[in-house]
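The values are calculated or read from the model by the stated rules, or taken from the named source; none is laboratory data. Quantities reported herein were computed from a predicted structural model and do not represent experimental measurements. All Cβ positions, glycine included, derive from the backbone under ideal geometry; neighbour counts span all protein chains shown.
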Amino acid sequence: MIDHQRLHDLNQSKQAEHQLRLGYLSDLLSRRGLDAQDVIQQLVQFQVAIPSWALGTGGTRFGRFPLGGEPRNLEEKIQDIGLLNQLNGSSNSISLHIPWDIPKDVAAIQQRLQEQKLVIDSVNSNTFQDQKEQAYSYKFGSLCHTEQGVREQAIQHNIECVRYGEQLGAKTHTVWLADGSNFPGQQHFRRAYQRTQESLAAIYEALPSDWTMLIEYKPYEPNFYSMIIPDWGTSYSLCQQLGKQAQVLVDLGHHLPNTNIEQIVGRLLHFGRLGGFHFNGSMYGDDDLTTGSMKPFQLFLIFNELVDGAQDSAVSNPAVAYMIDASHNTKDPLEDLLQSVDNILGAYAKALLVDRAQLGEYQQHNDVVRAEELLRDAFLTDVRPLVQAAYRQAGGAIDPISAYRTAGVREQLIQQRGKLSLSTGL
Ligand SMILES: [Mn+2]
């Protein structure tokens, strides 16, 4: 959507300052035995999936304030994500939510994906709302429900999601359950868990052999007394019972305040059960704000675990599926996603600067201060020139947000789709 020549000209106008900053950082890193180009290459390869539900204003249980030009169907969502990927080269895949994104014309969707060089990475089921045509209500749960008919309906919906995903080349099915209870005594904890486990087993049974099933946990909301899968331990236990294709999904916003998420990441890597990541920013709970906007040090520490796990031959964890799961009401959603990806790549770059052999030495000798200082030094390094170089090498913009603004993308989208177009999603 942004003319190639225009993008090239914009990059030219930023080039001199970018080179100056990159040159300085590259020199600094090489004095420490690090090759900047090596880090940039790893950033270029890093891809994070964009959720179809994050392209419109939303993420609120109160009023939505549409920005205009929001994508009205799956084709337009693909167009928006193609645009993001054109700008940063780091968003080449899409997470779909069924039933919002049921493909009506599979061949046409496949063609759109090819044109934009995108893939569908995962499908997500939705049993947290009732759909018009469905026979049973999920008011009191879905996979954990006391009535077999409701459970069966929810199982079939999940299997249907997998079938849609197969048509579009996805390989991952994500299950997040809103099931739980609002009041003491409402639900029998052990029996509800048992029913959930059996329902998940029925879905797992229908999973193609090269697919992964991700099980996401959340401590509270929409249920406030108990959630059926409140924590990583419950997800992990379910995965263990299901089989090798089941993995735990960590959503950064799905923890109680001050939870040590990086330690959870380390534990799951140790068990080989970290399957996926939902990035977002959290101040209090499942706020779904811009990734890295609230706790950048925590985001860095999480990447520190991920890089450590990836570089340790003793860890046999499958490739982690990285996805953004954020949606809110204030910013232009596309600018918000560019910011999120920028913060994610920045945290990753910093984690790549950590001297792991040296850190291991400090840990071995219990040198608390030096170990902490080593991490702090990586965290405080301004790695933005590396991230910008990665964008440019991937054919994108040195400064994606400024390119987006200068090219007047939102204005074009409003012209094409109208001021009042509303995206499907939360
Ligand atoms: Mn999530």
request  = Select, from L177, L168, L143, the only residue that is more than 16 Å from the ligand (Cβ to nearest atom), surrounded by 22 or more Cβ atoms within 10 Å (Cβ to Cβ) and within 25 Å of the chain's Cα centre (by Cα).
outcome  = L143
key: Residues located in the range 393-421, provided they are surrounded by fewer than 16 Cβ atoms within 10 Å (Cβ to Cβ) and more than 25 Å from N343 (Cβ to Cβ)   = E411, Q412, Q415, Q416, G418, K419, L420
query = So which residues in the range 254-265 are of a type in the set (S, T, N, Q) and within 16 Å of the ligand (Cβ to nearest atom), if there are any at all?
reply = T259
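Conditions (1) over 16 Å from the mean Cα position of the chain (by Cα); (2) within 30 Å of P222 (Cα to Cα); (3) in a helix (DSSP H, G or I), marked per residue:
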site	(1), (2), (3)
L7	yes, no, yes
I40	yes, no, yes
F65	yes, yes, no
P71	yes, yes, no
L83	yes, no, yes
I94	no, yes, no
Q114	yes, no, yes
K117	yes, no, no
remark   = The correct count of residues that are more than 12 Å from the ligand (Cβ to nearest atom) and assigned to a loop (DSSP other than H, G, I, E, B) in the range 319-340 is 7
ask   = From the residues in the range 219-253 that are farther than 24 Å from H188 by Cβ and not small (G, A, S), which one is nearest to the ligand (Cβ to nearest atom)?
value = D251
note = Within the range 266-290, restricting to residues that are of a type outside the set (F, W, Y) and more than 16 Å from the ligand (Cβ to nearest atom), the one that is surrounded by the fewest Cβ atoms within 10 Å (Cβ to Cβ) is M283
query = Here are some conditions: (1) at pLDDT 95 or above; (2) surrounded by 16 or more Cβ atoms within 10 Å (Cβ to Cβ). Q114 meets all but one. Which one does it not meet?
reply = (2)
key: Tally, over the range 1-36, of residues that are touching a helix residue (DSSP H, G or I) at 6+ places or on another chain (Cβ under 6 Å) and closer than 30 Å to V354 by Cβ   = 7
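Condition check ((1) without any contact (Cβ under 8 Å) to a residue 60 or more places away in the chain; (2) under 26 Å from S199 (Cβ atoms); (3) of a type in the set (D, E); (4) not in a loop (DSSP other than H, G, I, E, B)) across all residues:
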residue	(1), (2), (3), (4)
G233	yes, yes, no, yes
Q241	yes, yes, no, yes
V250	yes, yes, no, yes
Q263	yes, no, no, yes
Y284	yes, no, no, no
G292	yes, no, no, no
key: Condition broken by V150, with the remaining ones in (1) away from the ligand (no atom under 16 Å from the Cβ); (2) in contact (Cβ under 8 Å) with a residue 24 or more places away in the chain; (3) not charged (D, E, K, R) satisfied   = (2)
request  = Mind telling me which of the residues I50, I78 ends up being part of a strand (DSSP E or B), modelled with pLDDT of 95 or more and more than 24 Å from I203 (Cα to Cα)?
outcome  = I50
ask   = What is the one condition in (1) among the β-branched types (V, I, T); (2) in contact with a Ser or Thr (Cβ under 8 Å, 6 or more places away or on another chain); (3) closer than 26 Å to F140 by Cβ; (4) away from the ligand (no atom under 14 Å from the Cβ) that I203 does not satisfy?
value = (2)
note = By residue number, the members of the range 245-265 that are touching a strand residue (DSSP E or B) at 6+ places or on another chain (Cβ under 6 Å) and surrounded by fewer than 22 Cβ atoms within 10 Å (Cβ to Cβ) are Q245
ask   = Which of the following residues is surrounded by fewer than 18 Cβ atoms within 10 Å (Cβ to Cβ), out of contact with any Phe, Trp or Tyr (no Cβ under 8 Å at 6 or more places or on another chain) and among the small types (G, A, S): G346, G360?
value = G360
